[in-house]
Amino acid sequence: MNSLSRIQAPAAQSVTHPWWRGASIYQIYPRSFMDSNGDGIGDLPGITAKLDYVAALGVDAIWISPFFTSPMKDFGYDVADYCGVDPIFGTLADFDALVARAHALGLKVLIDQVYAHTSDEHPWFAESRQSRRGARSDWYVWADAKPDGSPPSNWQSVFGGPAWTWDARRGQYYLHNFLPEQPQLNCHVPAVQDALLDAARFWLERGVDGFRLDALNFAMHNPDLTDNPPAPEDGKVRTRPFDFQLHLHNQSHAAIPAFIERIRALCDSYGAVFTMAEVGGANALAEMHAYTQGQARLNSAYGFDFLYADRLTPALVAQAQACWPCDGEHGWPSWAFENHDAPRALSRWCAADQRDSFARMKAVLLTSLRGNPIVYQGEELGLTQVDIPFERLQDPEAIANWPLTLSRDGARTPLPWVAQDEHGGFSVGAPWLPLGEDNLARAVDRQEQDPSALLHLTRQLLGLRRENPALRWGGYAVLHADECSLAARRSDGKQSIACVFYFTSQAVPWPDGVGTTGKILASVNGADLGTLPPFGALLIEEQA
């Protein structure tokens, strides 16, 4: 073990909790994970070929972003067939092979479900737009124009511009909270819910172990189509019309939890199936609590506490954890520092010359939180945001709002497997996005050969979390939080672990509330009992 990191080998523990509680999840963005056929786009056989690597990390589950049949206007989040695999990713047989291999390696498989909208190329929408009296005429959100021909309400889309598009076939507007090519499903209609549950059942029958529910608070709108009020000034730059409103009526309807209970009931009928919602917006915390309340709703939810934060601070961590108290009344949280929609954390949170040490501290922090940590592919390598020139952009939001919206493409670049390879070992063809020279230097093969690399530390920390019940299931109590340092205690009643972190590059005293005795389970950047160097982190098993 190198001098920067010390990890205590864990002892095996018996598990009495459901598999998902405290589980570590690895997010795979299929376009960018591994390409098996040389077309420059990752695919399902590529994922299967690299599952040994994922299993060796020590995670409990993989979450695969959309691979469904799609015209790819929003790269799979515009679904044209909920029960099909897009040919660029492979076939249903390829998916079945992936699930079989994952299960053989002890990995659970989670997939996305997109219930707020479909592609405009979905057969449901093709039928709905043909007539106001057809069988699926009300499966999407249609409304007449105002007397002056303007849209039915003032609602704005997330990606820019009005949330309404005129359709001459019906002589009405249809709602889309995102792209015009993503018409809004009318989930108030029971038949729509039934159809979506049938799609979920299709994948459950194929062996999936859970679902990540995309943009779930957009699943239902206010049927009265009431205008949204203007948002008060908050000092932030507004890059889209969407930013000028309080989103009280186009999303987050009070009927969503009843639909959630139908989803949970279906999943429960297949055993220990994990359900996790993605929830964003100004009222995200209250909605996440509502969506995970009690035993009849979702198992977990995650928001954007860290994903869009421009700084990682002790106060941010303490507040996020305090919002999910271990009191039996609140649900179980999940946490992501990075994903396919947010800039790489190391490019947001620290200076370039601090990235190596900061990444080690960040890895200890993520694996010590109460909840489910989600590792986004490449995070275990310390990948940074790639600067994609305008002419190479693929992200429709970035193209529409250039240059004020930071491109999501920079976090979606292909995973570098081989440093001394033109395309990073990702593909024999030209990748759909550039890998970035800095990230090529962090390739898997290079880190495998370096005992001090972040990849090895991540494996050790995930193993430590899996085998120590206080880290996986215990409560979370903040002992100390100031501008520079954070100390917390994870405890399950039998084991107590102090978690100590230093967030800056300047010397600080040992935090109050933490003793200087105990067994060091993990230490990075030279941290020791009583000594907290820049970006130091310690996990200390406290003595009874």
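When the accessible area of the chain is computed with all protein chains present and a 1.4 Å probe, what percentage of it is carbon and sulfur?
Carbon and sulfur together cover 52 percent of it.
Is any residue of segment 164-203 close enough, with backbone N under 13 Å, to a label point placed 7 angstrom from the Cα of Ser137 along the Cα-Cβ axis, and if so, which?
170-172
Fully extended, how many nm does the chain gain between Ala93 and Glu542 (0.36 nm per residue separation, minus their Cα-Cα distance)?
Length gained, Ala93 through Glu542: 156.7 nm.
Calculated from DSSP H runs of 4 or more alone, at -39500 (n - 2.57) each and per residue, what is the 222 nm mean residue ellipticity of the chain, nearest 500? Numbers along the way, then the final one.
Numbers: 15 runs with 130 residues, N = 544.
Mean residue ellipticity, 222 nm, calculated: -6500 deg cm²/dmol.
Beyond 21 Å, what percent of the Cα pairs of segment 318-383 remain?
Across segment 318-383, Cα pairs with separations above 21 Å total 30 percent.
Skip the ligands, DNA and RNA, and give the accessible area per residue of segment 358-424 with a 1.4 Å probe, whole Å².
In whole numbers, segment 358-424 has 30 Å² accessible per residue.
State the percent of C-alpha pairs, over all pairs in segment 217-276, separated by a distance greater than 18 angstrom.
54 percent
How big is the dipole moment of segment 342-433 about its Cα centre under a simple scheme where the beta carbon of each Lys and Arg is +1, that of each Asp and Glu is -1, and everything else is neutral? Debye, nearest 20, please.
Rounded to the nearest 20 debye, it is 440 debye.
Just the number: Rg to Rh for segment 59-149, Cα atoms, Kirkwood Rh, two decimals. Before the final figure, lay out the partial values.
Working: Rg = 17.5 Å, Rh = 15.3 Å.
Reported Rg/Rh, Kirkwood definition of Rh: 1.14.
Divide, for the chain, the radius of gyration over alpha carbons by 2.2 N^0.38 Å, where N is the residue count.
So the chain has a normalised radius of gyration of 0.97.
Taking the square root of 5 times each eigenvalue of the Cα gyration tensor, what semi-axes in Å does the equivalent ellipsoid of segment 429-544 have, largest first?
Details: eigenvalues 196, 66, 34 Å².
Equivalent ellipsoid of segment 429-544: 31, 18, 13 Å, largest first.
Roughly how big is segment 67-225's charge dipole about its Cα centre, with Cβ charges of +1 (Lys, Arg) and -1 (Asp, Glu), in debye to the nearest 20?
So the dipole magnitude of segment 67-225 works out to roughly 180 debye.
Could you pull out every residue, at least 5 positions away or on a different chain, whose amide H is within less than 5 Å of the one on Ile28? Hs are placed 1.01 Å off N in the peptide plane, and Pro or chain starts have none.
Residues meeting the amide H criterion: Trp63, Ile64, Ser65.
Which value, in Å², gives the accessible area per residue of segment 61-105 when a 1.4 Å probe is used on the protein heavy atoms?
29 Å²
Percent antiparallel among DSSP beta bridges with both residues in the chain, to the nearest 5?
Numbers: 39 of 67 bridges.
Taking every DSSP beta bridge within the chain, about 60 percent pair in antiparallel fashion.
In 5 Å bins starting at 0, how do the alpha-carbon pair distances of segment 15-100 split up by percent?
Pairs per bin, as whole percents: 3, 14, 22, 24, 17, 11, 6, 2, 1, 0.
Output wanted: per-residue J couplings in Hz (rounded whole) for segment 291-299, from phi through Karplus 6.51 cos²θ - 1.76 cosθ + 1.60, θ = phi - 60°, x for Gly and Pro.
Karplus values, whole Hz, x for Gly and Pro: 6, 10, 6, x, 9, 9, 10, 6, 6.
For His17, what accessible surface area do you get with a 1.4 Å probe? Give it in Å², rounded to 10.
Approximately 70 Å² for this residue.
Enter the accessible area per residue of segment 165-277 (Å², integer; probe 1.4 Å; all protein chains in place).
With all protein chains present, segment 165-277 gives 39 Å² per residue.
Just round it to a whole percent: the fraction of Cα-Cα distances in segment 253-383 exceeding 17 Å.
On the way: 5160 of 8515 pairs.
Result for the distance tail: 61 percent.
Considering all projection directions equally, how large on average is the shadow of the alpha-carbon convex hull of segment 235-316, in square nanometres? Could you put the intermediate results ahead of the total?
Values: hull surface 29.3 nm².
Over every viewing direction, the Cα hull of segment 235-316 projects on average to 7.3 nm².
In whole Hz, what ³J(HN,Hα) sequence does segment 155-161 give by Karplus (6.51, -1.76, 1.60; θ = phi - 60°), x for Gly and Pro?
Rounded to whole hertz, the list is 4, 10, 8, 4, 8, x, x.
What are the ³J(HN,Hα) couplings of segment 472-482, residue after residue, when phi is run through the Karplus curve with 6.51, -1.76, 1.60 and θ = phi - 60°? Round to Hz, x for glycine and proline.
7, 10, x, x, 9, 10, 6, 9, 7, 8, 10
Taking amide H positions as placed in the peptide plane 1.01 Å from N, state which residues far from Gly160 in sequence (5 or more) or on other chains have amide H under 5 Å from it.
Amide H neighbours of Gly160: Phe242.
Val524's amide H: which non-local residues (gap 5+, or another chain) put their own amide H closer than 5 Å, with H modeled 1.01 Å from N in plane and none for Pro or chain starts?
Amide H to amide H, under 5 Å and 5 or more residues apart or across chains, Val524 pairs with Arg6, Ala537.
Which whole-number percent is the relative contact order of the chain (Cα, under 8 Å, 6+ apart)?
Contact order relative to length: 16 percent.
The values are calculated or read from the model by the stated rules, or taken from the named source; none is laboratory data. Just so it is clear, the structure is predicted and the values come from calculations on it, not from any experiment. Every residue, glycine among them, receives a Cβ derived from its backbone with ideal geometry; neighbour counts consider all protein chains shown. Heavy atoms of the whole protein, side chains included, go into the accessibility calculation; ligands, DNA and RNA do not. Shrake-Rupley method; radii C 1.70, N 1.55, O 1.52, S 1.80 Å.
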